[in-house]
Amino acid sequence: MGIAKKNFIITVDGPSGAGKSTISKKIAARLKLIYIDTGAMYRAVAWAAREQGVELADTSALEQLLQNIKIRFQAAGEKNLVFCNHQEITTAIRTPQMDKLASAVSAIPIVRKALLPLQREVAKGCSAIIDGRDAGTVIFPQADLKIYLDADISARARRRLKDQSESRAIDLKSVTQAIADRDAADSSRSHAPLRMADDAILIDSTELTIDEVCEKIMELVRTRFEICSDEADNE
Ligand code: DC
């Protein structure tokens with residue numbers, strides 16, 4: 001028996017560095033779901049604005065940019081390649097500057113309005129796992145399973161540092177500060193702020209390994225979708 005008779009949606013929301021993308025990708029691979037990284041879409045807009053010299057305050061230029069933007073994902077083994085306007089931007093959007101710019105971009109209502117249909121479109125007709133900040137509250141309020149993945153800021157900062165330290169000279173204090181700033185900006189904006197959906201299940205990953213978090217989610221999937229078998233148990 002397969003996972004479910006109908007397409008289904010799992011959302012994974014939470015603050016920066018909680019492990020949403022790593023875990024969502026693993027669950028997607030186990031259950032053969034489409035993985036949608038909605039944060040990468042905000043990063044793509046930020047990247048395009050910088051490339052085209054568009055000031056975020058220039059509403060008409062930003063509108064023009066949003067009308068023409070093409071964002072595409074392509075799975076490549078463990079990697080999820082991101083393309084914007086036919087250029088591969090997977091690595092270019094993962095810098096501290098892009099972290100900040102994407103957060104600023106994501107607070108602009110016209111950007112959120114433009115990305116919402118694109119985010120829904122990617123999941124159309126498929127079973128998907130969507131990682132973001134408002135995946136369970138705004139993008140897919142009817143999702144079949146909503147996870148809110150959280151962790152102490154110190155654990156999140158340590159993980160981020162580990163991810164980034166190979167390529168950059170950064171320290172724990174500045175990473176912690178950058179995460180705290182982004183948490184504050186993402187949670188306090190007026191449009192679709194980061195918040196846990198009423199029907200989401202909270203998983204605190206502070207003391208858990210990636211595999212332990214995945215196992216918790218798989219357990220919820222097994223219970224919720226009454227599945228057994230191949231996809232759910234085969235890794
Ligand atoms: O998950 P991330 O760090 O790649 O996200 C980049 C920024 O986009 C982050 O500051 C929060 C924002 N974002 C959002 O507002 N809504 C989403 N669904 C996903 C990300």
Subset of segment 108-140, residues within 19 Å of L220 (Cα to Cα) and in contact with a helix residue (DSSP H, G or I) (Cβ under 8 Å, 6 or more places away or on another chain), comes to S127, A128, I129, I130, D131, A135, F140
Check on L115, in a helix (DSSP H, G or I), out of contact with any Asp or Glu (no Cβ under 6 Å at 6 or more places or on another chain), open to solvent by less than 60 Å² (accessible area, probe 1.4 Å) and within 16 Å of the ligand (Cβ to nearest atom): yes
Problem - A128 vs. criteria at pLDDT 90 or above and in contact with a strand residue (DSSP E or B) (Cβ under 9 Å, 6 or more places away or on another chain) - result: yes
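One line per residue, one yes/no per condition, for (1) more than 11 Å from the ligand (Cβ to nearest atom); (2) open to solvent by 40 Å² or more (accessible area, probe 1.4 Å); (3) within 30 Å of K6 (Cβ to Cβ):
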site: T90; (1), (2), (3): yes, no, no
site: A104; (1), (2), (3): no, yes, no
site: R120; (1), (2), (3): yes, yes, yes
site: K146; (1), (2), (3): yes, no, yes
site: I179; (1), (2), (3): no, no, no
site: D183; (1), (2), (3): no, no, no
Note on A61: of the conditions (1) more than 13 Å from the ligand (Cβ to nearest atom); (2) crowded, with 16+ Cβ neighbours inside 10 Å; (3) under 21 Å from P109 (Cβ atoms), unmet is (2)
Counting only residues in segment 92-102 that are surrounded by 15 or more Cβ atoms within 10 Å (Cβ to Cβ) and farther than 28 Å from K32 by Cα, the one nearest to the ligand (Cβ to nearest atom) is identified as A102
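The values are calculated or read from the model by the stated rules, or taken from the named source; none is laboratory data. Please read all numbers here as calculations on a predicted model, not as lab measurements. So basically every Cβ, Gly included, is an ideal-geometry build from the backbone, and we count neighbours across all protein chains shown. What goes into the accessible areas is simple: the full protein's heavy atoms, side chains included, and nothing from ligands, DNA or RNA. Shrake-Rupley method; radii C 1.70, N 1.55, O 1.52, S 1.80 Å.
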